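The values are calculated or read from the model by the stated rules, or taken from the named source; none is laboratory data. These figures come from a predicted structure and were not determined experimentally. Ideal geometry is used to build each Cβ from the backbone, glycine not excepted, and the neighbour counts take in all protein chains shown. When the accessible area is computed, the model is the full protein with side chains, heavy atoms only, and any ligands, DNA or RNA have been set aside. Shrake-Rupley method; radii C 1.70, N 1.55, O 1.52, S 1.80 Å.
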Amino acid sequence: MLQIVLIRPGSTAFDSEGRIQGTLDVPLSEAGNEQVEAICAELADAHLEIIYCSPCQSSLETAEAVAKRVGVKYKEVEKLRNLDHGLWQGMRLEEVKRKQPRVFKQWREHPETICPPEGEMVEPARRRVEEVLAKIVKKHKHGVVGLVVPEPLASLAQACLCRQPPPEVMKSTSASCGTWQTFGVGAEASAS
């Protein structure tokens with residue numbers, strides 16, 4: 001059976017400032033680097049064979065560090081780019097909430113129904129993730145594969161791996177930066 005280790009990159013300054021990152025390239029913060037060091041130590045004996053990652057800077061930095069530590073290659077996958085939040089990118093969550101309270105509330109309660117101005121809806125992003133996961137499963141029938149993607153794309157990947165509706169996972173996830181979970185493809189997820 002194939003196991004996919006879903007890794008959320010270490011935190012960035014945007015995370016600590018409560019800003020919407022989306023597709024913006026933001027490097028790991030000092031705290032993010034510490035989180036990545038912890039991930040590296042925790043996954044040292046995970047038997048990862050390869051790591052696929054989002055093209056964003058924090059994911060690339062995380063994937064590179066883990067790959068180096070465990071002695072495998074990592075591969076950047078363009079279709080794993082984060083959900084595009086358009087004009088909201090760089091804004092603080094509180095700013096969006098203050099300026100557009102009804103839209104913000106709907107975005108939090110039913111993210112699949114909102115498209116940020118000049119951004120991307122959840123459904124096309126979900127389809128991208130499903131396509132990448134299908135290729136990974138086809139290529140790797142068994143073993144352990146890493147997948148480094150930022151939020152909210154990580155929650156979409158989790159929804160696909162758990163066969164749950166994306167909105168429910170996106171609303172209920174308590175996962176944060178610098179965490180990881182292992183999912184057996186075709187089986188229930190086992191959190192780590």
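Computed values, structure above
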| item | result |
| --- | --- |
| Residue in segment 105-114 that is farther than 15 Å from LEU156 by Cα, outside any helix (DSSP H, G or I) and open to solvent by 50 Å² or more (accessible area, probe 1.4 Å) present | no |
| Meets criteria (of a type outside the set (Ser, Thr, Tyr), farther than 16 Å from TRP180 by Cβ, modelled with pLDDT under 95 and touching a helix residue (DSSP H, G or I) at 6+ places or on another chain (Cβ under 6 Å)) for LYS97 | yes |
| Any hit, segment 2-21, residues being assigned to a helix (DSSP H, G or I), in contact with a helix residue (DSSP H, G or I) (Cβ under 6 Å, 6 or more places away or on another chain), open to solvent by less than 30 Å² (accessible area, probe 1.4 Å) and within 30 Å of LYS138 (Cα to Cα) | no |
| Residue pairs meeting the criteria (Cβ under 6 Å; at least 6 apart or on separate chains; first at positive phi, in segment 22-49; second outside any loop (DSSP other than H, G, I, E, B) and open to solvent by less than 50 Å² (accessible area, probe 1.4 Å)) | HIS47/VAL144 |
| Single residue of LEU147, LEU133 found to be among the aliphatic types (A, V, I, L, M) and part of a helix (DSSP H, G or I) | LEU133 |
| Any hit, segment 143-159, residues being over 17 Å from ARG19 (Cβ atoms), open to solvent by 50 Å² or more (accessible area, probe 1.4 Å), modelled with pLDDT of 95 or more and not hydrophobic (A, V, I, L, M, F, W, C) | no |
| Matching option when the condition is more than 18 Å from GLU151 (Cα to Cα) and touching a strand residue (DSSP E or B) at 6+ places or on another chain (Cβ under 9 Å), among LEU60, LEU28, LEU48, LEU93 | LEU48 |
| Single unsatisfied condition, LYS99 versus (1) in contact with a strand residue (DSSP E or B) (Cβ under 7 Å, 6 or more places away or on another chain); (2) surrounded by fewer than 17 Cβ atoms within 10 Å (Cβ to Cβ) | (1) |
| Checklist (1) in a strand (DSSP E or B); (2) modelled with pLDDT of 95 or more applied to SER190, failing item | (2) |
| Hey, TYR74 closer than 26 Å to GLU131 by Cβ, at pLDDT 95 or above and open to solvent by 60 Å² or more (accessible area, probe 1.4 Å) or not | yes |
